[in-house]
Amino acid sequence: MAGAALIAGATTGVSNAATTPPGGTAFTAAANYGVVTSTHPDTVGCNGYKVVGSGTVTGNRIVGTGTWSQTEDACTATVPGKWDINGKVTVTQTDGSHLYFTYHLTAPLTSDTMVYPSGTFSITGGDGSFDEAVGGGTMNATVNLLDKDHVAASLSGTMGFRWQI
């Protein structure tokens, strides 16, 4: 079930997360990307996959078509009966600005080849036009475990800047 690693993402934790300021506005994004999977080295604590993905992303706060780069751990041993997915994403805008966020998704473990992980994302910062960005919201993915070249994710939430707090 190596394709199961498709499920999107990398490491956990949000060390510099901040709440979205009152001036935060809507943030939406849609990503289409491919992934490469490998067996996670922790066969007891994770029993899943390391996933690396890259592709394109568009959104209401992203200028042009940006680049989506992600890493994640997709584990089956941490939450009984579910995929437990923790990842990090870097969005690179056409002007070179970067937006960073982490995510945590879950999905039922089934024999179906279509998996629909859902959960939350937290904006952890950025540079350029995303300098001091904060925020978060919901994230949903669509994964066909037999097709690693066509993974999709959608994000909906808010984004502001630390200086607005």
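The values are calculated or read from the model by the stated rules, or taken from the named source; none is laboratory data. What you are looking at is a predicted structure, and each value in this text was computed from that prediction instead of being measured. Only protein heavy atoms, including side chains, enter the accessible area calculation; ligands, DNA and RNA are left aside. Shrake-Rupley method; radii C 1.70, N 1.55, O 1.52, S 1.80 Å.
Some points to look at:
- Accessible surface of segment 50-93, 1.4 Å probe, proportion on carbon and sulfur as whole %: 54 percent
- Reported label for calculated semi-axes √(5λ) of the Cα gyration tensor in Å given [x] 27, 16, 13; [y] 26, 22, 18; [z] 31, 21, 13: [x]
- Taking a straight line from the alpha carbon of K50, these aspartates and glutamates sit under 13 Å away, with near neighbours fewer than eight places off in the same chain left out: D42, E72, D73, D84.
- Relative contact order of segment 57-165, pairs being alpha-carbon contacts under 8 Å that are 6 or more residues apart, as %: 18 percent
- Solvent-accessible surface of the chain, averaged per residue with a 1.4 angstrom probe and all protein chains in place: 44 square angstrom.
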